[in-house]
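A.B. asks: Structure in structure tokens, see below.
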Amino acid sequence: MTTTIAETTLLAALDRTYRGRPAKPSIYRRLHEMLDPEETVHCVADGYRDYTSEHLLLLTDRRVLLVKAPIPGRWKAMRDVPATAVLGGRQVTGTLTAASVEIGVQGQKPVTMKIGSHEAAAELLRTLEALRAGAAPGRSAEGNGALPETDGGATAVSVPSEVQGLLARGERVHSVFEGWSTWSSEHQLLVLSDHRVLLAGEQTPGSWITQRETAAPSVTGVRSAGGTALKAASVTVEVRDQKPISLGKGAAEPAQAFVQTLEGLLRQGRGPALR
């Protein structure tokens, strides 16, 4: 029997979602029925469940699909948004263990869903951004603003287009950690470039400002905390003669990547100078 693209990619996405634990056969069967055989599934986010229903949010190469099942009950599509109408995504609220994401839709109300972990929410948003940039998740699209590898061995990365306006001409970004303010639900980014460490905050959807920054020569160290099932990850950058620059409520993997990249630059003698 021929295996379709939808079957293969849906199984792979569900495997990532449930971390190797098999998904319920009913979940796979109902979702597969909603997909076109040639549709590629890039991400399946498991919604935060309550006593009456459960939700899943799918990102494919063609659309954003929000499905719901009463407990017990049959899965059905609540929102089906074509990729061309998607404006972008962001986290709108968060608690210690869960996060609510919002995906903007042209001419319609946003698609929203509460996800059971910050890590899963961040992965969904990263995947969405990669798809909007025209790249397969985890790969940079040609011409999408991704920067080439630097001569120091650290790979430059892309940042949201709205944040590009905060960067100097020719400034290369080595790593980005996405999180939310410890004291509010404000969306923030910690950006490591060849010039500086920058903390940016989203004041209104798509509008970012610089909240703190320090020149590269002032950076003396970096550390992370959290990143467990019960605690979101945080990153703290040590700054000479100033209070540290910190960002919390993020996913563990990006936090570790940020710390490892900065530590690598420090070991190379490119930091604190980062020249």
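A.B. asks: Name the one entry in E171, E213, E178, E202 that is part of a loop (DSSP other than H, G, I, E, B) and modelled with pLDDT of 80 or more.
C.D. replies: E171
A.B. asks: Identify, please: which residue in region 90-113 is more than 18 Å from A77 (Cβ to Cβ) and among the charged types (D, E, K, R) and is, among those, surrounded by the fewest Cβ atoms within 10 Å (Cβ to Cβ)?
C.D. replies: Looking at the filtered set, the residue picked out is E102.
A.B. asks: Take the conditions within 30 Å of L58 (Cβ to Cβ), open to solvent by 20 Å² or more (accessible area, probe 1.4 Å), modelled with pLDDT under 80 and not in a loop (DSSP other than H, G, I, E, B) and apply them to E162. Does it pass?
C.D. replies: For E162, the condition - within 30 Å of L58 (Cβ to Cβ), open to solvent by 20 Å² or more (accessible area, probe 1.4 Å), modelled with pLDDT under 80 and not in a loop (DSSP other than H, G, I, E, B) - is met.
A.B. asks: Let me ask another. What's the total number of residues in region 236-256 that are open to solvent by 40 Å² or more (accessible area, probe 1.4 Å) and either of a type outside the set (S, T, Y) or within 15 Å of the chain's Cα centre (by Cα) (or both)?
C.D. replies: Total satisfying the criteria: 9.
For (1) open to solvent by 40 Å² or more (accessible area, probe 1.4 Å); (2) at pLDDT 85 or above; (3) touching a Phe, Trp or Tyr at 6+ places or on another chain (Cβ under 8 Å), each residue gets a yes or a no:
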{"residue": "R30", "(1), (2), (3)": "yes, no, yes"}
{"residue": "R49", "(1), (2), (3)": "yes, no, no"}
{"residue": "L66", "(1), (2), (3)": "no, yes, no"}
{"residue": "A69", "(1), (2), (3)": "no, no, yes"}
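A.B. asks: Could you check region 223-235 and list, in sequence order, the residues that are modelled with pLDDT of 90 or more and open to solvent by 20 Å² or more (accessible area, probe 1.4 Å)?
C.D. replies: Within region 223-235, R223, S224 meet the criteria.
A.B. asks: Is it true that M78 is open to solvent by 70 Å² or more (accessible area, probe 1.4 Å) and modelled with pLDDT of 75 or more?
C.D. replies: When the stated conditions are applied, M78 passes them.
The values are calculated or read from the model by the stated rules, or taken from the named source; none is laboratory data. Owing to the predicted nature of the structure, the values given are computational and were not obtained by experimental measurement. Cβ atoms come from the backbone with ideal geometry, glycine included; neighbour counts cover every protein chain shown. Only protein heavy atoms, including side chains, enter the accessible area calculation; ligands, DNA and RNA are left aside. Shrake-Rupley method; radii C 1.70, N 1.55, O 1.52, S 1.80 Å.
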